[in-house]
1. Using a Förster distance of 51 angstrom, determine the FRET efficiency expected from the C-beta separation of LYS229 and LYS266, and round it to 0.05.
2. Please tell me the relative contact order of the range 181-267 in percent, rounded to the nearest whole number, where contacts are Cα pairs under 8 Å and at least six residues apart.
3. I need the Kirkwood Rh of the chain: take the reciprocal of the average 1/r across all distinct C-alpha pairs and report it in angstrom.
4. Would you work out which of GLY189, LEU214, ILE89 lies farthest towards the positive end of the dipole of the chain, given +1 charges on the beta-carbon of Lys and Arg and -1 on that of Asp and Glu, about the Cα centre?
5. Using Cα pairs closer than 8 Å and at least 6 residues apart in sequence, work out the relative contact order for the chain, in percent.
6. Per DSSP H run of n ≥ 4, the term is -39500 (n - 2.57); total these for the chain, divide by its residue number, and report the mean residue ellipticity at 222 nm rounded to 500 deg cm²/dmol.
7. What nm distance separates the two modelled labels at ARG275 and TRP161, each placed 7 Å from Cα along Cα→Cβ?
8. Report the residue, chosen from VAL256, VAL184, VAL76, that carries the largest GNM mean-square fluctuation when the chain is represented by alpha-carbon nodes joined by springs under 10 Å.
Amino acid sequence: MIYARKFNFSETQRFIRVFFVLFLCVPLSMMAQLKIYVNTDLEGISGVFKFDQTREKDTPLNIQACEYFMGDVAAVVRGLIDGGATEVIVLDGHGTQAVIPHLMEPGAKYITGKPRPGAGNLSLLDSSFSAMVMIGFHAMMGTPDGVLNHTQSSRSENRYWYNGIESGELAQNALIAGYYGVPVIMVTGDEATCREARKFFGENIVTVATKKGLGRESAVLYPFEETRKALYEGAKNAISKIPLCKPYRIKEPIQVKMQFLDLDPKLPKPELVTREGIAKNGKHILDFQILAEYRNRE
């Protein structure tokens, strides 16, 4: 004789409740695609503290610095993936380039070479990314304890003001990312760079210091084993900060002021040039419309 099993509503309800609880416990990274844009520079990398390591390509010191760079990048890539990132794009953002292909950490794709299309050379950056990470950055021009401090050009000593606030490359890159709605969740570099990042982006951002500046080309260096561990842990933790970090935006149109030294050898000495203009939005922060220019010949 076959007996039909009586349908038990309480058992079904228990199953639904358990399923709902498990669903809520699933990490966000398992439910959504998390694309992370890793923007890089060389001056703030572990072990880098003098311009001889960063300016001239393929010298022994530069090759060694690029190896240091690949070690820092590898630690961050591993941390991001272990933190839940589903796709990682690494931009080789230093002017003379730093990526060494045979040392690329698996799990990421790497953009390198020139030209690099896109606002601020941030190739492939768009609104599909969940967040930006900045590795190996440096403090803005004129920061007393900023190792290799500069903004865009260390030779012509560029300086920039946006809506009256002096800003360095951290803010410039974040404004471009903010145009696409992408927040910055992590910054690495010397102590001064980390301080600058917290000033502009708030205390929720993850910062990892790789050294402490004593002067423009002098520093207290931290051992690689320690910085790479901190970079890995910082990147892993940074994924959880995505909901807390907002895209960096300022009032538009943006009032721009730029100063730099004209190094034309025909001049008796370098002249300070000031340009003022307007940027329509964060995307155009570096190609602003010039409204006025004047020179200081004192």
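We did not get these values from a lab; they are worked out from the coordinates using the rules stated. The structure presented is a predicted model; accordingly, all values stated were derived computationally and were not measured. Neighbour counts run over all protein chains shown; Cβ positions are idealised from the backbone, glycine included.
1. Details: r = 52 Å, r/R0 = 1.01.
After rounding to 0.05, the efficiency reads 0.50.
2. Details: 97 pairs, mean separation 28.2, N = 87.
Here the relative contact order equals 32 percent.
3. Values: mean 1/r = 0.0483 Å⁻¹.
Value: 20.7 Å, from the Cα pair sum.
4. So the residue we want is ILE89.
5. It comes to 19 percent, rounded to a whole number.
6. -9000 deg cm²/dmol
7. In this crude label model, ARG275 to TRP161 measures out at 1.7 nm.
8. VAL256
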